[in-house]
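The values are calculated or read from the model by the stated rules, or taken from the named source; none is laboratory data. All values derive from a computational prediction rather than experimental measurement. As a convention, Cβ positions derive from the backbone with ideal geometry for all residues, glycine included, and neighbour counts pool all protein chains shown.
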Amino acid sequence: MKKIVTVLGARPQFIKASVVSQALSATGRLREVLVHTGQHFDANMSEVFFRELAMSAPAYNLDIHGGTHGAMTGRMLADVERILISERPDAALVYGDTNSTIAGALAAAKLHIPVAHVEAGLRSFNLRMPEEINRILTDRISHWLFAPTDTAVRNLMAEGVAESQILEVGDVMYDVALQHGARANGAGGIVDHLGLGGQPYVLATIHRAENTDDTDRLNTLVDALTIVARKRPVIWPIHPRTRQLLARRCRPEAALRGMHLLDPIGYLSMIELEKNAAAIATDSGGVQKEAFFHRVPCVTLRDETEWVELVQAGWNRLAPPRSAEAVASAIEAAIGSQGQPVTPYGQGNSATQIAARLCRDL
């Protein structure tokens, strides 16, 4: 039996891994060892996903979080390297574009362990984003590049990646939505708990450094959501880091006025809020896709998005946080809108394709 060490550490990676880990196990030929870096350490952003998505507990939890990008990534690199030397796997598997991603990929590549990158080929073409740097470098040193879309494949081909290393598998988050989405429908859930039944509310998430680390952009987004909240409820589950920055850099009274501010919530509660929202305003790549899976209009609070097919199809629109009024108008305009009937993310069998390719090649 071949061994795969999977390195993950952030909320979206737990979601993606839930179906891929299941598919790897189902082969009967691959044994997975999970390494949780600890990048997302809050119980509501980590432990709850393992419980709700029926994932095995990680074999290793490195408890590495906080600090600068270099300090965090360096600590992860050293600890993951130690584990890889001990476990001696046949391959390493990483997801997405976080510091955990590049640390896992780099540690494996330097030990000549082939790397599989799930969600390869995404590009924002904005090198000021730490995520863009992570994904480009991870793709460059990966052996298997599992691309979610045709656009991602074309990006990799344009960068000179060998066609034999690229497999367009669709998006594993669509697998998760099909497998677990129906569980987020029950009465008495978070929508009822918040007293939102029948009300057209807006769901917001903000966590990317380009927004949270820039005081002007963060203030603009807070002001925009405050404008929207004058007309309809705004539900905002707040990332712990964003909450700290709000308290330090923004006007606290503006952040609180007319909004439901929530601590981080579990996967099923988040899906319930997404499915029942009138619109979603976010800077999260994963939430953009989940909005589409549930056919809810989305506004992306960034200058660009990696998921360009959703903008082209009319399910998503960009609203760069330069003007509070413009962002609020974009959110209001999205409510009630519909995009084209497209299927850019595969058929919901991405995880089984990934497992089958690894089985074949290992």
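Summary of values
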| item | result |
| --- | --- |
| Only one of Ile265, Ile271 that is of a type in the set (A, V, I, L, M, F, W, C), crowded, with 17+ Cβ neighbours inside 10 Å and either touching a Phe, Trp or Tyr at 6+ places or on another chain (Cβ under 6 Å) or not in a helix (DSSP H, G or I) (or both) | Ile265 |
| Hey, Ala333 free of Cβ contacts under 8 Å to residues at least 40 places away in the same chain, more than 18 Å from the chain's Cα centre (by Cα) and in a helix (DSSP H, G or I) or not | yes |
| Filter result for Ala277 (among the small types (Gly, Ala, Ser) and within 24 Å of Arg128 (Cα to Cα)) | no |
| Some residue of segment 50-72 being buried (at least 16 other Cβ atoms within 10 Å of the Cβ) and among the acidic types (Asp, Glu) | yes |
| Within segment 183-215, tally of residues that are outside any loop (DSSP other than H, G, I, E, B), of a type outside the set (A, V, I, L, M) and touching a residue at least 60 places away in the same chain (Cβ under 8 Å) | 4 |
| First in segment 260-281 and in the same structural domain as Leu203 (by TED's automatic domain parsing), second anywhere and of a type in the set (D, E, K, R) and not in a helix (DSSP H, G or I), Cβ under 6 Å, 6 or more apart | Pro264/Asp42 |
| Output for segment 168-182, where each listed residue is buried (at least 20 other Cβ atoms within 10 Å of the Cβ) and assigned to a helix (DSSP H, G or I) | Val172, Met173, Tyr174, Asp175, Val176, Ala177 |
| From Pro240, Pro233, residue being in contact (Cβ under 8 Å) with a residue 60 or more places away in the chain, surrounded by fewer than 22 Cβ atoms within 10 Å (Cβ to Cβ) and under 27 Å from Val296 (Cα atoms) | Pro240 |
| Residue in segment 144-152 that is among the small types (Gly, Ala, Ser), assigned to a helix (DSSP H, G or I) and out of contact with any Ser or Thr (no Cβ under 9 Å at 6 or more places or on another chain) present | yes |
| Those residues of segment 90-105 which are crowded, with 21+ Cβ neighbours inside 10 Å and not small (Gly, Ala, Ser), in sequence order | Leu93, Val94, Tyr95, Asp97, Thr98, Asn99, Thr101, Ile102 |
| Gly160 being free of Cβ contacts under 8 Å to residues at least 12 places away in the same chain and either under 20 Å from the mean Cα position of the chain (by Cα) or not in a helix (DSSP H, G or I) (or both) | yes |
| Hits in segment 216-249 (condition: of a type in the set (D, E, K, R) and either within 22 Å of the chain's Cα centre (by Cα) or not assigned by TED's automatic domain parsing to the domain that holds Leu194 (or both)) | Arg217, Arg241, Arg243 |
| Answer residue from segment 344-362, given it is in a loop (DSSP other than H, G, I, E, B) and either modelled with pLDDT under 95 or not hydroxyl-bearing (Ser, Thr, Tyr) (or both) and is surrounded by the fewest Cβ atoms within 10 Å (Cβ to Cβ) among those | Gln347 |
| Qualifying residue in segment 66-78 (condition: at pLDDT below 95 and at positive phi) | yes |
| Residue tally, condition closer than 25 Å to Ile85 by Cβ, in contact with a strand residue (DSSP E or B) (Cβ under 8 Å, 6 or more places away or on another chain) and surrounded by 19 or more Cβ atoms within 10 Å (Cβ to Cβ), over segment 115-144 | 8 |
| Search result, residues across segment 142-157 that are over 21 Å from the mean Cα position of the chain (by Cα) and within 19 Å of Val7 (Cβ to Cβ) | His143 |
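Results for (1) closer than 23 Å to Pro297 by Cα; (2) of a type in the set (Ser, Thr, Tyr), shown as yes or no for each residue.
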{"position": "Thr138", "(1), (2)": "no, yes"}
{"position": "Val161", "(1), (2)": "no, no"}
{"position": "Gln165", "(1), (2)": "no, no"}
{"position": "Gly189", "(1), (2)": "yes, no"}
{"position": "Ala209", "(1), (2)": "no, no"}
{"position": "Asp214", "(1), (2)": "no, no"}
{"position": "Arg217", "(1), (2)": "yes, no"}
{"position": "Leu225", "(1), (2)": "yes, no"}
